[in-house]
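See below for the structure under consideration.
The values are calculated or read from the model by the stated rules, or taken from the named source; none is laboratory data. On a predicted model such as this, the values are computed, not experimentally measured, just so you know. All Cβ positions, even for glycine, are placed from backbone atoms using ideal geometry, and neighbour counts span all protein chains on display. Heads up: the accessible areas ignore ligands, DNA and RNA and are worked out on the full protein's heavy atoms, side chains in. Shrake-Rupley method; radii C 1.70, N 1.55, O 1.52, S 1.80 Å.
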Amino acid sequence: MEDTFQELKNLNSLKDVVNDRFEKFNDRIAFLDKDGSSNYKEITYIDLKGKINSFGTVLLEKFHLNGKKIAVIGENSYRWYITYMATICGVGIIVPLDKELPSNEILNLIKRSDAKCIVYSSRREELINQIKDELDEDMIYINMNMKEHSECTFSFDQLIEEGKEMIKSGDRNYLDAIVEKEEFRILLFTSGTMSTSKGVMLSHKNLIANTLACYKLVPQVGSFTFISVLPIHHTYEFSLTYLYATCMGAKVGICEGLKYMSKNIKEIKPDILIVVPAIIERVNQKIEKSIQDSGKEKAISFAKKITNGLSKIGIDLRRIVFKKIQENFGGNLKYLLCGAAPLDKELIQKMEAYGFIFMQGYGATEASPLISATTLDNRVAGTVGKAVYGTELRIDLSGNEDENSNIGEIITKGDNIMIGYYQDEKKTAEALRKGWFYTGDLGYFDMHGNLVVTGRSKNVIVTSNGKNIYPEEIENEINKISLVKESMVYGKKDKKNKQELIVTARVTLDKEYLEETYGKKKPTDKEIYNMIWNEIKKINRSMVSYKAIKKLEVKNEDFVKTTTLKIKRLEEIEKNTGKRK
């Protein structure tokens, strides 16, 4: 095991992973990808290596993209991965784009990045066609799924074949290209509107540091099957699933999309799943509904008490007792790694009762992304553990006006931290100070040194008497209300007293729950409002008075979200669509 860790530490760049480690893994399966068909296609490591080198050769020699930026946009796929790796391992700078963005934002980001080539899936062809007239005439367009070249678009597969022939003919310019570990090779745009998204510059050193951190968390994954569910353009999914898995010779099964998740999990039978809280909440709801439908609630509740008690004395029968629930996840699922937002303690305990091992992580795109995580030996619910390998972590209390509070801004340093923000020296200087990255998140250390994240500094509601209210902790409680699907707590300006903020909860309704509970005799809007408000009054009684929710807004449509299912708070507040019924 330590030999593998040392091998990872000795990597000069991810080009070594492709040329050396992929050769070592040889005929092992790297990817399971339906690739537009009804059955999974197997892509071996040796095949993956050949395709990366062939595509890289074409990008470098046919299109002369040395040092240029190449944008990639599309669904999760092995072709997306090939594009990313081929670009950073000897061509230029990859620019992963969010496939869910509208055409005007995609256009803006392509122009901001000065990309010279766009690699895209067929499902994004209409979007690309909408913006072509506003892009440079010499822009290179490569379609991942098209079988043959057309007049103005190149076929991904045909280019791979051309690259193979170039290598056979002795072209070694890409194969022999030297990649510096600290060079700027990845440009990632953070979630936000066109004006607010920041371009994060990463290097091979940053990604390798993240891989080392993953190894120290869950080292023996070479025989594992991962399942890719979250959007691949996001550094959380790419680094923790795709990159770590392929560095270790594991298998990645690619989910066809969130609505196919249950079906694909049973087909892929993963050992490990990287998720966000919103997915876990959905999964738990389905488990609880299936238990209710079976009429075995009391029996399962009793079984959970017994198995939890036994597990505390080293006898773990949970996977055996709850085998049927395990089978709904393919039967092999051992680890659930959750990040991107805080996960409720009770939800973790509920899922672990069925035999799943939960690990909670905290990170940021600027940190490639891992900063801290719980481990197999240190899984304290409600915390995100301690700093991961190679990373330092501190709490900066200098901006805290409350002398009695231990909550401050989370700051971190290590080889995982970005080079800076693209073309933005001012924001870079604000975020990187004396080697430390200021995350903009707030938190504190518990008595055991584990990090507790309380929320984003920009989300904090500061009352007129200087008290800080952290919306996320209140939202966790509101989200437990059966009628509520999701919630957002914010400070709304008081029309009478402009200096005062009214603590306001905006919620969306769980329509499935309403349908299943009330059927055709659905309560009126006013009755629904009153039922939620009565539950909120109970929450208010459990909190200090200044945190009490004073106003409730009920939304009929879902919140505006990022592709990692986080609510875009600023957009929601600006929309001001919440209404009292």
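Percent of accessible area on the chain owned by carbon and sulfur, 1.4 Å probe? Carbon with sulfur: 47 percent of the solvent-accessible area.
Per residue, the solvent-accessible area of the chain (1.4 Å probe, heavy atoms of protein chains only, all protein chains present) comes to 46 Å². Note on His64 and Ser103: the model spin-label points, each 7 Å out from Cα along the C-beta direction, lie 3.1 nm apart. Of all DSSP-defined beta bridges confined to the stretch 1-139, some 30% are antiparallel rather than parallel.
In order along the stretch 407-424, the phi-based Karplus estimate (6.51 cos²θ - 1.76 cosθ + 1.60, θ = phi - 60°) of 3J(HN,Hα) comes to 8, x, 6, 7, 10, 8, 8, x, 5, 7, 7, 3, 6, x, 8, 4, 6, 8 Hz; Gly and Pro are listed as x. Between Val72 and Val95, Leu97, Val119, the built amide H atoms are under 5 Å apart, and every one of these is 5 or more places off in sequence or on another chain. Residues whose amide H lies under 5 Å from that of Phe189, counting only those 5 or more places away or on a different chain, are Val200; hydrogens are built 1.01 Å from N in the peptide plane.
Rounded to the nearest whole Hz, the Karplus-based 3J(HN,Hα) values (6.51 cos²θ - 1.76 cosθ + 1.60, θ = phi - 60°) of the stretch 271-288 follow the sequence 9, 9, 9, 9, 9, 10, x, 4, 6, 4, 4, 5, 4, 4, 4, 5, 5, 5, with x at glycine and proline. Report note on the peptides 35-44, 376-385, 56-65: ranked by the mean count of other C-beta atoms within 10 Å, highest first, their order is 56-65, 376-385, 35-44. Annotation: amide H of Asn328 has no partner in the under-5 Å range at sequence separation 5 or more or interchain, hydrogens built in the peptide plane.
I'd like the FRET efficiency for Glu574 and Ser545, computed as 1/(1 + (r/R0)^6) with the beta carbon distance as r and R0 of 35 Å, rounded to 0.05. With R0 = 35 Å, the Cβ-Cβ based efficiency is 0.75. Summary of packing: across the peptides 479-492, 361-374, 300-313, the per-residue average of other C-beta atoms within 10 Å ranks them, highest first, as 361-374, 479-492, 300-313.
Using only side-chain charges placed at the Cβ, +1 for Lys and Arg and -1 for Asp and Glu, the dipole size of the chain relative to its Cα centre rounds to 2420 debye.
Taking θ as phi - 60° and the Karplus parameters 6.51, -1.76 and 1.60, the scalar couplings of the stretch 15-23 work out to 5, 5, 4, 5, 7, 9, 5, 5, 5 Hz in sequence order, x denoting glycine and proline. At an R0 of 22 angstrom, the distance between the Cβ atoms of Lys296 and Lys269 translates into a FRET efficiency of 0.30. Pairwise alpha-carbon distances in the stretch 1-99 exceed 22 Å for 37% of all pairs.
Most simply put, the stretch 226-341 has about 0% antiparallel DSSP beta bridges, counting only bridges with both residues inside it.
When the alpha carbon gyration tensor of the stretch 83-214 is reduced to an equivalent ellipsoid, the three semi-axes, largest first, read 25, 24, 12 Å.
Reported value for the stretch 235-338: 121 Å³ per residue, from the convex hull of its C-alpha atoms. For the chain, the longest principal axis of the Cα atoms and the long axis of helix 45-61 meet at an angle of about 70 degrees. DSSP bridge analysis restricted to the chain gives an antiparallel fraction near 55%, rounded to the nearest 5. Calculated mean residue ellipticity, 222 nm, the chain: -10000 deg cm²/dmol, from DSSP H runs (n ≥ 4) at -39500 (n - 2.57) each, averaged per residue and rounded to 500.
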